[in-house]
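Undergrad: Take this structure first; my questions come after.
The values are calculated or read from the model by the stated rules, or taken from the named source; none is laboratory data. Keep in mind that this is a model prediction, so the values were computed, not measured. Note that each Cβ is placed from the backbone with ideal geometry, even for glycine, and that neighbours are counted across all protein chains shown.
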Amino acid sequence: MPHFQIDYSANLEEVVDVSALCEAIRAEAATIETFPAAGIRVRATRVDHVAIADGGTKHGFIDLSVRLREGRPHDVKRDAIEQIFATLKDFMTPAMASNSIALSAEMRDINADLSPKFSTIRDHLEDNV
């Protein structure tokens, strides 16, 4: 159950299609074996109040946080976050050519004992993934 949380500065809404970014991250995550398709959740939150670098309002950011259940080997997680971050960078390349934007990503494990889950999504997937 990977959760992808995108926080982005409000000033990027004019230059980035955030819904398309969410879909790009979801589509790429679905190709990665360690991320079960039925568990993928991508959401984005606009951050209205920010202070970046020299305080100039031209600077923006996108921070991608990935949370997933513990138990995957370090190298599998490293490869997965590198692949997802490459997707983020590729998506943002056009906007970054003419805008001041910082990108970051982090992957964290979720303690399964402290994170109950229940879903009927698998029941409603066409391929029953």
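Undergrad: Quick check: is even one residue across the stretch 79-90 out of contact with any strand residue (DSSP E or B) (no Cβ under 8 Å at 6 or more places or on another chain) and at positive phi?
TA: Among the residues of the stretch 79-90, not one is out of contact with any strand residue (DSSP E or B) (no Cβ under 8 Å at 6 or more places or on another chain) and at positive phi, which makes the answer no.
Undergrad: Kindly evaluate A80 against the criterion of being at pLDDT below 95, surrounded by 13 or more Cβ atoms within 10 Å (Cβ to Cβ), within 20 Å of A112 (Cα to Cα) and among the aliphatic types (A, V, I, L, M).
TA: For A80, the condition - at pLDDT below 95, surrounded by 13 or more Cβ atoms within 10 Å (Cβ to Cβ), within 20 Å of A112 (Cα to Cα) and among the aliphatic types (A, V, I, L, M) - is not met.
Undergrad: Go through (1) at pLDDT 95 or above; (2) not in a loop (DSSP other than H, G, I, E, B) for D123 and report which single condition fails.
TA: All conditions are met except number (1).
Undergrad: Among the residues of the stretch 85-120, which ones are of a type in the set (G, A, S), at pLDDT below 80 and assigned to a loop (DSSP other than H, G, I, E, B)?
TA: Within the stretch 85-120, S115, S119 meet the criteria.
The rows are residues; the columns are (1) surrounded by fewer than 15 Cβ atoms within 10 Å (Cβ to Cβ); (2) of a type outside the set (A, V, I, L, M, F, W, C); (3) part of a strand (DSSP E or B); (4) under 12 Å from the mean Cα position of the chain (by Cα).
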{"residue": "V15", "(1), (2), (3), (4)": "yes, no, no, no"}
{"residue": "E23", "(1), (2), (3), (4)": "yes, yes, no, yes"}
{"residue": "E28", "(1), (2), (3), (4)": "no, yes, no, yes"}
{"residue": "I32", "(1), (2), (3), (4)": "no, no, no, no"}
{"residue": "F35", "(1), (2), (3), (4)": "no, no, no, no"}
{"residue": "V42", "(1), (2), (3), (4)": "no, no, yes, yes"}
{"residue": "F61", "(1), (2), (3), (4)": "no, no, yes, no"}
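Undergrad: Let me ask something additional. Sort out which residues of the stretch 63-84 are in a strand (DSSP E or B) and either β-branched (V, I, T) or without any contact (Cβ under 8 Å) to a residue 24 or more places away in the chain (or both), and write them in order of number.
TA: Once the filter is applied, which keeps residues that are in a strand (DSSP E or B) and either β-branched (V, I, T) or without any contact (Cβ under 8 Å) to a residue 24 or more places away in the chain (or both), the stretch 63-84 yields only V66.
Undergrad: Residues G71, G39: which one is farther than 17 Å from Q5 by Cβ and at pLDDT below 95?
TA: Going through G71, G39 in turn, just one is farther than 17 Å from Q5 by Cβ and at pLDDT below 95: G71.
Undergrad: Follow-up question, since we're still on this one. Would you confirm, using the coordinates I've provided, whether G55 is free of Cβ contacts under 8 Å to residues at least 24 places away in the same chain, more than 12 Å from P2 (Cα to Cα) and not basic (K, R)?
TA: yes
Undergrad: Could you tell me whether the stretch 112-124 includes any residue that is touching a residue at least 40 places away in the same chain (Cβ under 8 Å), within 17 Å of F61 (Cβ to Cβ) and in contact with a helix residue (DSSP H, G or I) (Cβ under 6 Å, 6 or more places away or on another chain)?
TA: no
Undergrad: Quick check on my filter: what residues within the stretch 85-120 are among the hydroxyl-bearing types (S, T, Y), under 18 Å from the mean Cα position of the chain (by Cα) and more than 12 Å from S65 (Cβ to Cβ)?
TA: T87, T93
Undergrad: Any idea which of E106, E82, E70 is charged (D, E, K, R) and closer than 18 Å to E23 by Cα?
TA: Exactly one of E106, E82, E70 is charged (D, E, K, R) and closer than 18 Å to E23 by Cα, namely E82.
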